[in-house]
1. Which residues, counting only those in the range 27-50, are in contact with a strand residue (DSSP E or B) (Cβ under 7 Å, 6 or more places away or on another chain) and either modelled with pLDDT under 95 or under 20 Å from HIS115 (Cα atoms) (or both)?
2. Can you find even one residue in the range 71-81 that is of a type outside the set (A, V, I, L, M, F, W, C) and open to solvent by less than 30 Å² (accessible area, probe 1.4 Å)?
3. From the set of residues in the range 95-110 that are part of a helix (DSSP H, G or I) and open to solvent by less than 30 Å² (accessible area, probe 1.4 Å), which is nearest to ASN44 (Cα to Cα)?
4. So which residues in the range 13-28 are under 30 Å from PHE102 (Cβ atoms) and out of contact with any His (no Cβ under 9 Å at 6 or more places or on another chain), if there are any at all?
5. In the range 123-143, which residues are in a helix (DSSP H, G or I) and exposed (fewer than 12 other Cβ atoms within 10 Å of the Cβ)?
6. List every residue pair whose Cβ atoms sit under 6 Å apart, with the two residues 6 or more apart in sequence or on different chains, where the first one lies in the range 71-86 and is over 10 Å from ARG105 (Cβ atoms) and among the hydrophobic types (A, V, I, L, M, F, W, C) and the second, anywhere, is open to solvent by 70 Å² or more (accessible area, probe 1.4 Å) and part of a strand (DSSP E or B).
7. Would you pick out the residues in the range 13-28 that are over 9 Å from PRO51 (Cα atoms) and touching a residue at least 12 places away in the same chain (Cβ under 8 Å)?
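The values are calculated or read from the model by the stated rules, or taken from the named source; none is laboratory data. These numbers were taken from a predicted model, which means no experiment stands behind them. In this analysis, Cβ positions are derived from the backbone assuming ideal geometry, glycine residues included, and neighbour counts consider all displayed protein chains. Note: accessible area is taken over every heavy atom of the protein model, side chains too, but ligands, DNA and RNA are not part of it. Shrake-Rupley method; radii C 1.70, N 1.55, O 1.52, S 1.80 Å.
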Amino acid sequence: IDLRLSDGLKEIKPEEVKEIVFAGMGGTLIAEKLAETPWIKNSNLHFVFQPQSRAEDLRKFLFANGFIINKEIATHEGRRVYIAFDASYTGNIKPFTEVDCFVGRLPNTEDAHKHLSHQLSRLKEKYDAYTKCGKNEEAKELFKIIQGIEGFINA
């Protein structure tokens with residue numbers, strides 16, 4: 001293992017890596033760092049992600065850019081639920097929904113349900129805010145996502 005201090009992958013040369021781990025930062029930031037690095041679109045690379053928040057933003061970036069999530073887990077430490085997943089580049093962009101971005105490949109486990117229940121609380125608050133301020137189209141789209149996540153949890 002060769003450790004480097006770098007802003008994203010800026011100090012890494014493509015030929016120097018086979019495995020890349022992003023952990024301890026939000027999914028939005030991870031997606032931004034990946035977007036800055038065109039050489040990540042390489043089927044010989046393997047990625048492990050452990051986003052602290054906004055995993056849906058990271059999944060959306062991956063899906064939209066030809067990556068697949070191979071396996072995903074949810075686990076907890078105390079009251080906090082953590083998710084982690086590995087991904088690889090295929091170049092095939094398949095259709096995906098906003099619900100896919102929230103659920104990913106999470107297994108149907110108690111820890112995954114805890115994680116998704118937390119996401120649901122956040123989305124329901126946003127839905128209520130949209131409804132109160134008259135953003136009906138946004139509320140309608142958010143309601144579909146909420147229903148999809150609830151469907152996964154109740155399956």
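1. ILE30, VAL48, PHE49, GLN50
2. The answer is yes, given that some residue of the range 71-81 is of a type outside the set (A, V, I, L, M, F, W, C) and open to solvent by less than 30 Å² (accessible area, probe 1.4 Å).
3. Here is the first cut: in the range 95-110, the residues part of a helix (DSSP H, G or I) are 98-103, 110.
Filter again for open to solvent by less than 30 Å² (accessible area, probe 1.4 Å), leaving 101-103.
Values: CYS101: 24, PHE102: 26, VAL103: 26 Å.
If we take residues in the range 95-110 being part of a helix (DSSP H, G or I) and open to solvent by less than 30 Å² (accessible area, probe 1.4 Å), then CYS101 is nearest to ASN44 (Cα to Cα).
4. Answer for the range 13-28, where residues must be under 30 Å from PHE102 (Cβ atoms) and out of contact with any His (no Cβ under 9 Å at 6 or more places or on another chain): VAL17, VAL21, PHE22, ALA23, GLY24, MET25, GLY26, GLY27, THR28.
5. Step one: filter the range 123-143 for residues in a helix (DSSP H, G or I), giving 123-132, 136-143.
If the condition is that a residue be in a helix (DSSP H, G or I) and exposed (fewer than 12 other Cβ atoms within 10 Å of the Cβ), then GLU125, LYS132, ASN136, GLU137 are the ones that fit.
6. ALA84/ILE73
7. Of everything in the range 13-28, those that are over 9 Å from PRO51 (Cα atoms) and touching a residue at least 12 places away in the same chain (Cβ under 8 Å) turn out to be PRO14, GLU16, VAL17, LYS18, GLU19, ILE20, VAL21.
Every residue, every condition in (1) part of a strand (DSSP E or B); (2) under 12 Å from the mean Cα position of the chain (by Cα), yes or no:
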{"residue": "ILE12", "(1), (2)": "no, no"}
{"residue": "THR28", "(1), (2)": "no, yes"}
{"residue": "ALA31", "(1), (2)": "no, yes"}
{"residue": "ASP57", "(1), (2)": "no, yes"}
{"residue": "PHE61", "(1), (2)": "no, yes"}
{"residue": "ILE83", "(1), (2)": "yes, yes"}
{"residue": "ILE93", "(1), (2)": "no, no"}
